[in-house]
1. Where the centre of each part is set by its Cα atoms, how far does region 150-195 sit from region 46-60, in angstrom?
2. State the extension gain, in nm to one decimal, for the chain segment bounded by residue 147 and residue 3, taking 0.36 nm per residue of separation less the distance between their alpha-carbons.
3. Label residue 110 and residue 168 with points 7 Å out from Cα along Cα→Cβ: what is the distance between them in nm?
4. Per the Kirkwood definition applied to all pairs of different Cα atoms, how many angstroms is the hydrodynamic radius of region 38-194?
5. Find how much the distance from residue 129 to residue 46 grows on full extension, using 0.36 nm per residue of separation minus their present alpha carbon separation; answer in nm with one decimal.
6. Put a dot 7 Å past each Cα toward the Cβ at residue 179 and residue 57; how far apart are the dots in nm?
7. Quick check on the exposure proxy: order 17, 57, 161 from fewest to most C-beta atoms within 10 angstrom.
8. Could you tell me the calculated FRET efficiency between residue 122 and residue 27, based on Cβ-Cβ distance and R0 = 45 angstrom, to the nearest 0.05?
């Protein structure tokens, strides 16, 4: 009888040790994942802060250019035109990134696709309208810069942003998608205005 009791105690002790080992292993894995997630959040916060700071600088540049252009000439120079376009489009890119990042962080995308789609379409439509009005304030070669805006850019951005969100590609993919799109738009509008 003593051997059976000893065997039972050994088996129970072995099972307990295995259970504790698995528990500690899972806990360690959870800590590593939490640390990695915290580091990613810090990186995204740093990127967001930098983008917000750039946005403020760009807004100040726009104010300066607007005052300078109104004060000294009816039209802006080529370099002012490029800076104006860069500033307006960079502000839009940052604004869209921040808005969509907030949606990603605060909403459950699955099951709310229709609501998220409506919010994003509305925000980008409003942003496009605002950019058009801003560009209307600046003339280059006797025409307002707003004449070089293309409505298909708005649809392109909406489609790309929705693709990133609904397919859950993440903020990094969203940032690079917006960067590539707006770089292309900047080049197109400068090229069109210079022609």
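1. Value for the Cα centre distance between the two parts: 19 Å.
2. 42.5 nm
3. Distance between the two pseudo-spin positions: 0.5 nm.
4. Its Kirkwood hydrodynamic radius stands at 16.5 Å.
5. 27.0 nm
6. Taking the two extended label points, one gets 1.5 nm.
7. 17, 57, 161
8. It comes to 0.55.
Laboratory data are not the source of any read-out in this text; all were calculated from the coordinates shown. Bear in mind the structure is a predicted one, so any value in this text is a computation, not a measurement. Glycine also receives a Cβ, built like all others from the backbone with ideal geometry; neighbour counts cover every protein chain displayed.
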